[in-house]
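Enquirer: Starting off with a structure, shown below.
Computed from the coordinates by the stated procedures, all read-outs in this text should not be read as laboratory data. Remember, it's a predicted structure, so these values are computed and weren't measured experimentally. Cβ placement follows ideal geometry from the backbone for every residue including glycine, while neighbour counts extend to all protein chains displayed.
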Amino acid sequence: MMQFTAENLISALLEAAPRPTIQAPRDARGLYGLVDHHGDLRYIGLTKSTDQSFFKRIHHRHRTGSEGMSHYFSQMYNTGRMWRDRNDPVTKADGDLAKALRNDFIADHCRAVWLPLPETVDIAQLEAEVLSLAPEHAIAWNRRRMPTYDEPVDLVDATLRRLGWGAREIAAVDRQRLRFLAAMSPSVTGPTPKPMSNRQSPVPSFPKGSFRFFALDVETANNDRGSICQIGVACVRTDNSIETWVTYVDPEVDQWVFTPLHGISARTVQGAPTFADVLPTLRDALDGAIVYQHSGFDRSSIKASCGNNGLPIPQWDWRDSVHVARAAWPELNGNGGHGLASLKKHLGLTFEHHDAGEDARAAAEVVLRAQGIQPVCAQGPVQEARNPRTDNKNYDPIRIGEGNVIRVQELTGTPMSSSAARRSAVGYHIGTTAITQGNIDNNYLNLRPFIEKFPADAVGGSNRSAAAQREVTVDWGGKAVITTDIDGTKGIFRKRDWIREFFDLNGAKAGDMVMVEMIAPYSYCVRLQRRQP
């Protein structure tokens, strides 16, 4: 029988299999967690009253409740075509359709976990103890510590296809998207940047040379995600040395809420460049490169700052080092989690948390460690605790359970293109399939040998009307990832247009092999492996 201790409960929540919100029990109470469209646990809560079941709290309140209140699914996905201003009577008709779309999106693509508890235990006290132990990523929504998501366009499109909405409804939610963008960017042109000639500090020079990838971190002045006051970029060279670039940024705000956290104040950034001054340097340096962030906050901050300044959003190849860490060190699930503070202790990293340069370097080190590579700091060697993954120079794969392998990238000593670097990302190997001439002629991959490794709710029937309730994303090395479900009858990805380009891009021939790897929940990449002569 499970002991109702905070340690046991947080482990159970982190390890529970996420399920659709509609399956939440109607006759039980206790602790629960909300899982986002990436498959990440983001909020932990409790049923507050005796008449409030899991179903009522999760499926009704959090999913269909009003945004701007304690209804976290509604708040976190009040974005893009799903956005509405509930206090604006002029846009009520369009807004109601946007909210209906949001409700269905959450039912389609988000999940929840729950732990029924007996009425004899103090649920509120247990919740407080669990929250004190929870890793940062698991409570990122609690108390609004994380900004609203960018619209997951492909997944929203999938929900719209399922709903079969007509032109009138589509036009309404498209209007809401435009209103959302206007609300997020009140000024079309943004404030006029202060002339650099009046500033004390120019933008620091960015490191030159060839780099494998970058990691970026920001600090903000207040809860406005566009109030960036410091940016740090860790630049990983082809020899795996790390050079860090850091600049303070003047967010030109009056409210400073997070100074006690990071130590940066209005006095600190006096004379520093504005974001509009800094962005051209970053855009030139990071264009076409892989850019890691440790969670989704940094990307959304860059986007918000661009909106505040009327600047186009850079199209960098963003990755999340939390997903990399989760795949590489599953033993941290329920045991500290995969936030930087936990990884610092587990991996013996040396850095000062809540400094943008230090946190960026830590994220880059996490990626390198996951690839079995010992990071080297450009200013000197990184101090490390003993770790079998890095101490053993002959170590090749990172094993996760029986027969499952994350491949270590082969280093060529030359810079990789963006698509090549993307295909080299750490992944959880789920299967390999041989390419036949029939595959090449008819644009498909045979997934039958390992189809059971895909999530059951992403495997559908033989035609589009029997499509699965959830889709997966596939990174194949092209300009954009593909969103599709799996045809369980034929054992193939249902969408196949991209496979022709994948074969052509790699010069695939009959006898070559394709490796399929999971890089995050419901997210996969495919790689070509040449037939040995």
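Enquirer: Quick one: grab Rg to one decimal and Dmax as a whole number for the stretch 236-343, Cα atoms only, in Å.
Expert: Reported Rg and Dmax, both Å: 16.4, 46.
Enquirer: Over all directions, the average projected area of the alpha-carbon convex hull for the stretch 6-155 comes to how many nm²? Each step should come with its number before you reach the end.
Expert: Details: hull surface 35.1 nm².
Over every viewing direction, the Cα hull of the stretch 6-155 projects on average to 8.8 nm².
Enquirer: Now, a different point. How big is the stretch 427-529 in terms of Cα radius of gyration and Dmax, in angstroms?
Expert: Spelled out, the Cα radius of gyration and Dmax of the stretch 427-529 are 12.5, 34 Å.
Enquirer: For the stretch 31-115, with only Lys/Arg (+1) and Asp/Glu (-1) charged at the beta-carbon, what is the dipole magnitude about the Cα centre, in debye rounded to 20?
Expert: Values: 13 positive and 10 negative charges, 43 e Å.
In total the dipole reaches around 200 debye.
Enquirer: Assigning unit charges at the beta carbon (Lys, Arg +1; Asp, Glu -1) and nothing else, what dipole magnitude in debye, to the nearest 20, does the stretch 427-529 show about its Cα centre? Numbers along the way, then the final one.
Expert: On the way: 12 positive and 12 negative charges, 23 e Å.
Around 100 debye, computed over the stretch 427-529.
Enquirer: Can you give me the convex hull volume of the Cα atoms of the stretch 85-180, divided per residue and expressed in Å³? Show your work: numbers first, answer last.
Expert: Details: hull volume 15.0 nm³, N = 96.
It comes to 156 Å³ per residue, whole-number rounded.
Enquirer: Still on this model: Where the Cα atoms of the stretch 33-94 are projected onto their three principal axes, how long is each span, largest first, in whole Å?
Expert: So the extents along the principal axes, rounded to whole Å, are 38, 29, 14.
Enquirer: Find the centroid of the Cα atoms in the stretch 276-307 and in the stretch 48-67, then give the distance between the two in whole Å.
Expert: Cα centroid to Cα centroid, the span is 37 Å.
Enquirer: What nm value, rounded to one decimal, do you get for the distance between Arg496 and Arg162 when each label is placed 7 Å out toward the C-beta?
Expert: About 2.4 nm separates the two model spin labels.
Enquirer: What three numbers, in Å, describe the spread of the alpha carbons of the stretch 208-391 along their principal axes, ordered from the longest?
Expert: On the principal axes, the stretch 208-391 reaches 48, 35, 27 Å in Cα extent.
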